[in-house]
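Trainee: Below is a structure I'd like to ask you about.
Read-outs: derived from the displayed coordinates by stated rules, not from any lab. A quick note: this is a predicted structure, and the numbers were derived from the prediction, not measured. All Cβ positions, even for glycine, are placed from backbone atoms using ideal geometry, and neighbour counts span all protein chains on display.
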Amino acid sequence: MAYSFLFDDLLFPIPPSKLDMKIKNNNTTITLINEGEVNLLKKAGLTEISFEVLLPNVKYPFAVYPDGFQPATFYLDKLEKLKIERKPFHFIVSRLKTSGDLLFDNDIKVSLEEYTIKESAEQGFDVVVSIQLKQYREYGTKVVEIKKPTAKSKPVAKTTKQRSTTNAPPPPKSHKVVKGDTLWSLCKKYYGKVTKAMTDEIAAKNGIQNPNLIFPGQVIKF
């Protein structure tokens with residue numbers, strides 16, 4: 001099985017090792033009189049992702065360099081920028097069979113929580129980076145306006161229209177495929193949800209026989 005993973009448009013040359021995705025639990029267990037323990041089910045917490053990746057300073061034959069070889073400092077600068085900018089981004093992991101068919105993928109909006117740079121004599125000039133990400137959920141704010149009552153009226157609370165915390169643009173009419181894109185990840189990115197029916201419909205609209213197989217440079221119409 002082959003892996004590829006991206007931070008938005010940044011494709012790392014070597015897949016992560018020991019990729020862990022933890023979906024945090026927010027359920028609460030309480031004890032009722034004469035009933036014993038019961039579990040109050042709540043919405044899942046934010047997913048936490050952790051892994052290590054090797055950033056080479058020499059070109060290896062087992063790695064993939066679609067945009068040409070870059071030294072470790074290139075990727076370290078990108079990680080630093082992601083941390084400084086304090087903006088959420090997409091983390092995409094694609095798992096492929098040796099035939100090239102997609103097994104499944106993950107496309108999740110995350111924030112870069114922290115990363116640790118590790119150097120050792122065993123790695124030579126290469127650098128190992130331990131990375132921790134956390135799921136980012138969009139949220140909005142509401143402004144409540146309380147009107148003072150008159151002699152003939154009661155207090156009235158009005159809410160204004162929800163304001164998003166991000167200026168998300170509307171889905172484009174078309175998208176030019178880059179390395180790592182899948183119809184699944186594009187639906188998730190532009191529509192916020194994805195189903196097999198959605199990917200099949202887009203594939204049929206664009207004359208794509210295999211919805212799991214699209215190529216860099218290809219223009220997808222929505």
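Trainee: Determine the relative contact order of the stretch 169-222: mean sequence separation of Cα pairs under 8 Å and six or more apart, normalised by residue count, in whole percent. Write down the numbers at each step before the final one.
Mentor: Details: 63 pairs, mean separation 28.1, N = 54.
Relative contact order for the stretch 169-222 comes out at 52 percent.
Trainee: Another question about this same structure. At q = 0.22, 0.25, 0.30 Å⁻¹, what is the base-10 log of I(q)/I(0) for the stretch 169-222 according to the Debye formula with one equal point scatterer per Cα and no solvent? Please give it to two decimals.
Mentor: Those come out to -0.77, -1.03, -1.50, one per q.
Trainee: Also, quick follow-up: Which ³J(HN,Hα) values, rounded to whole Hz and listed in residue order, are derived for the stretch 181-190 from phi using the Karplus coefficients 6.51, -1.76 and 1.60 in 6.51 cos²θ - 1.76 cosθ + 1.60 with θ = phi - 60°, glycine and proline given as x?
Mentor: Taking θ as phi minus 60°, the curve returns 5, 9, 4, 4, 5, 5, 5, 5, 5, 8 Hz for the stretch 181-190.
Trainee: What lysines sit close enough to LYS42 to cross-link, taking a C-alpha to C-alpha distance under 25 Å and skipping anything fewer than 8 places away on the same chain?
Mentor: LYS22, LYS24, LYS109, LYS134, LYS142, LYS188, LYS193
Trainee: Next question, about the same structure. How do MET21, MET198 line up, fewest other C-beta atoms within 10 Å first?
Mentor: Arranged by neighbour count, lowest to highest, MET21, MET198 become MET21, MET198.
Trainee: Can you give the local net charge around GLY207? Use residues other than it whose beta-carbon is closer than 15 angstrom to its beta-carbon, Lys and Arg +1, Asp and Glu -1.
Mentor: Charge balance in the 15 Å sphere: 0.
Trainee: With point charges of +1 on the Cβ of Lys and Arg and -1 on the Cβ of Asp and Glu, referenced to the Cα centre of the stretch 169-222, which listed residue (TYR190, PHE215, ILE202) lies farthest in the positive direction of the dipole?
Mentor: The residue sitting most towards the positive pole is TYR190.
Trainee: If amide H atoms are built 1.01 Å from N in the plane of the peptide, which residues on other chains or at least 5 residues away come under 5 Å of the amide H of ASP181?
Mentor: Under 5 Å from the amide H of ASP181 lies no amide H from a residue far enough along the sequence or on another chain.
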